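The values are calculated or read from the model by the stated rules, or taken from the named source; none is laboratory data. Bear in mind that the values here come from a model prediction, so they are computed numbers and not experimental data. Quick reminder, even Gly has a Cβ in these numbers, built from the backbone with ideal geometry, and neighbours come from all protein chains shown.
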Amino acid sequence: MSKKNIIIVLIITLAIVAIYRFGFLGVFWMTTPGDGELSKAEVELFKSVEKESNAKSVYREPKYNISAPKDTLAYRIIVFKPICTKNSDSLKIEAQKIASQANSSLTLHKNFVRLEVFYDCSDEPSKVFSFYRSSLKE
């Protein structure tokens, strides 16, 4: 075999190995839904909730398809590792305040009929408070 043929076979072999080895990245990139970025209003709301509740972090679910969800869903705000030593009534009042802020400051799709505030407590069992958007004050 000539030197030119060896180089061509080597390049083809390396390309096949690279596609086999890293092809999943392309499939993952192509199949990951868009629209997962937090809006400025969400970032501001989450920072204020994090500060008020002394939480480690605050994030939301669903992660993707926020602007056009296919089903009727709940928009869930997850408060991660807050101090949950308060009683359930005061946590519910705080959750209702967070849900009202979210309902008034975020422009959510009409398919999000409920807002849920999920406290993922470190020292007690986790708590979920659910509110229908129609019942929250603007």
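Give me the pairs, please: first residue somewhere in the range 54-77 and closer than 17 Å to E116 by Cβ, second residue anywhere and in a loop (DSSP other than H, G, I, E, B) and polar (S, T, N, Q), beta-carbon distance under 8 Å, and either six or more positions apart or on two chains.
P69/N111; D71/N111; T72/N111; L73/N111
The conditions are (1) surrounded by 12 or more Cβ atoms within 10 Å (Cβ to Cβ); (2) out of contact with any Asp or Glu (no Cβ under 8 Å at 6 or more places or on another chain); (3) at pLDDT 90 or above, and P69 fails exactly one of them. Which is it?
Unmet condition: (3).
In the range 25-54, which residues are closer than 19 Å to N65 by Cα and outside any helix (DSSP H, G or I)?
T32, P33, G34, D35, G36, E37, L38, S39
Which fully enclosed strands (runs of 3 or more DSSP E) of the range 72-132 have 3 or more residues being out of contact with any Cys (no Cβ under 8 Å at 6 or more places or on another chain) and among the charged types (D, E, K, R)?
Correct list: 112-120.
Could you please let me know if I11 is surrounded by 10 or more Cβ atoms within 10 Å (Cβ to Cβ) and either of a type in the set (F, W, Y) or without any contact (Cβ under 8 Å) to a residue 40 or more places away in the chain (or both)?
On the way: surrounded by 10 or more Cβ atoms within 10 Å (Cβ to Cβ): yes; either of a type in the set (F, W, Y) or without any contact (Cβ under 8 Å) to a residue 40 or more places away in the chain (or both): yes.
The answer is yes for I11.
Against the definition (exposed (fewer than 13 other Cβ atoms within 10 Å of the Cβ) and in contact with a helix residue (DSSP H, G or I) (Cβ under 8 Å, 6 or more places away or on another chain)), how does T85 come out, yes or no?
It is false that T85 is exposed (fewer than 13 other Cβ atoms within 10 Å of the Cβ) and in contact with a helix residue (DSSP H, G or I) (Cβ under 8 Å, 6 or more places away or on another chain).
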